[in-house]
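Chemist: Dropping the structure in here first, questions after.
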Amino acid sequence: KQESPRTARDDSKDLAMCRILLAELESHQDAGPFLTPVNPKSVPGYRKIIKKPMDFSTIRDKLTNSQYLNLETFIIDVNLVFDNCEKFNEDNSVIGRAGHTMRRFFQRRWTELLRQ
Ligand SMILES: Cc1ncccc1N[C@@H](C)c1ccc2c(c1)OCCO2
């Protein structure tokens with residue numbers, strides 16, 4: 001039976017990876033709906049339906065203020081953006097489709113960077 005790896009993975013490049021990934025998300029052509037916090041006053045129902053709002057500018061602030069313990073807590077916040085989007089928006093809508101596109105892009109990029 002293959003011995004389970006006892007060595008921890010090298011996390012010394014994780015902060016640099018989070019910075020690269022966030023910059024790519026912020027500059028993606030479909031990032032618009034996710035760049036700033038949803039204003040609950042201009043989006044009826046949002047405050048009631050979405051319990052934990054998250055957006056790229058909030059993630060940027062948290063990264064700048066060293067509020068992410070590790071790569072995992074960063075990925076959890078990015079996925080929260082896309083999970084909120086799926087919960088509130090129809091798949092067949094401008095914002096819904098943008099969310100799916102951005103989630104696929106993020107998933108591919110962090111797995112690529114982790115493999116490097
Ligand atoms: C991510 C999200 N989910 C549900 C509702 C809103 C939003 N985003 C806000 C910024 C937003 C607010 C208004 C918009 C917009 C985006 O994109 C299309 C044009 O009008």
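Chemist: If I stretch the segment between Asn79 and Phe105 completely, what's the gain in nm (0.36 nm per residue apart, minus their alpha carbon distance), one decimal?
Modeler: Numbers: separation 26, 0.36 × 26 = 9.36 nm, distance 1.16 nm.
My answer for the length gained is 8.2 nm.
Chemist: Calculate for the chain the 222 nm mean residue ellipticity that helices alone would give, adding -39,500 (n - 2.57) per DSSP H run of length 4 or more and normalising by residue count, nearest 500 deg cm²/dmol.
Modeler: Working: 5 runs with 67 residues, N = 116.
It lands at -18500 deg cm²/dmol.
Chemist: Please report the accessible area of His28 (heavy atoms, 1.4 Å probe, ligands and nucleic acids excluded) in Å², nearest 10.
Modeler: 40 Å²
Chemist: Separate question: Based on the mean of other beta carbon atoms within 10 Å per residue, what is the order of 74-86, 3-15, most packed first? Show your work: numbers first, answer last.
Modeler: Values: 74-86: 18.5, 3-15: 8.6.
Descending mean neighbour count gives 74-86, 3-15.
Chemist: Carbon and sulfur: what percent of the range 1-96's accessible surface (1.4 Å probe)? Intermediate values should be presented prior to the final figure.
Modeler: Details: 3570 of 6610 Å².
Result for the range 1-96: 54 percent of the exposed heavy-atom area is carbon or sulfur.
Chemist: At what distance in nm do the modelled label points of Asp10 and Lys41 sit from each other, each positioned 7 Å from its Cα along Cα→Cβ?
Modeler: 5.0 nm
Chemist: Under the definition of Cα pairs under 8 Å and six or more residues apart, what whole-number percent is the relative contact order of the chain?
Modeler: Taking the mean separation of contacting Cα pairs over the length of the chain, I get 28 percent.
Chemist: Accessible area of Lys87, 1.4 Å probe, to the nearest 10 Å²?
Modeler: 130 Å²
Chemist: Continuing with the same structure: Go through the range 74-89 residue by residue and turn each phi into a ³J(HN,Hα) via Karplus (6.51, -1.76, 1.60, θ = phi - 60°); whole Hz please, and just put x for glycine and proline.
Modeler: Along the range 74-89, the couplings run 5, 4, 4, 5, 5, 5, 5, 4, 6, 5, 4, 4, 5, 5, 8, 10 Hz.
Chemist: Where only protein heavy atoms count, and the probe is 1.4 Å, what is the accessible area per residue for the chain in Å²? The partial results should precede the final answer.
Modeler: Details: 7930 Å² over 116 residues.
Result: 68 Å² of accessible area for each residue.
Chemist: Residues in the range 75-116 near a label at Lys48, defined as backbone nitrogen under 15 Å from the 7 Å Cα→Cβ point?
Modeler: 88
Chemist: If eta is 1.306 mPa s and T is 10 °C, what Stokes-Einstein diffusion coefficient results for the chain, Kirkwood Rh from Cα pairs, in µm²/s? Please list the in-between numbers first.
Modeler: Working: Rh = 15.4 Å.
Diffusion coefficient, whole number: 103 µm²/s.
Chemist: Give me Rg/Rg_expected for the range 19-72, where Rg uses Cα atoms only and Rg_expected = 2.2 N^0.38 Å with N residues. Don't skip to the answer; put the middle values down first.
Modeler: Values: Rg = 12.7 Å, N = 54, 2.2 N^0.38 = 10.0 Å.
In units of the 2.2 N^0.38 Å rule of thumb, it is 1.26.
The values are calculated or read from the model by the stated rules, or taken from the named source; none is laboratory data. Just so we're clear, the structure is a prediction, and the values are computed from it rather than from any experiment. Heads up, the Cβs are rebuilt from the backbone with ideal geometry, glycines too, and the neighbour counts pull from every protein chain shown. Surface accessibility is based on the protein's heavy atoms, side chains included, excluding ligands, DNA and RNA. Shrake-Rupley method; radii C 1.70, N 1.55, O 1.52, S 1.80 Å.
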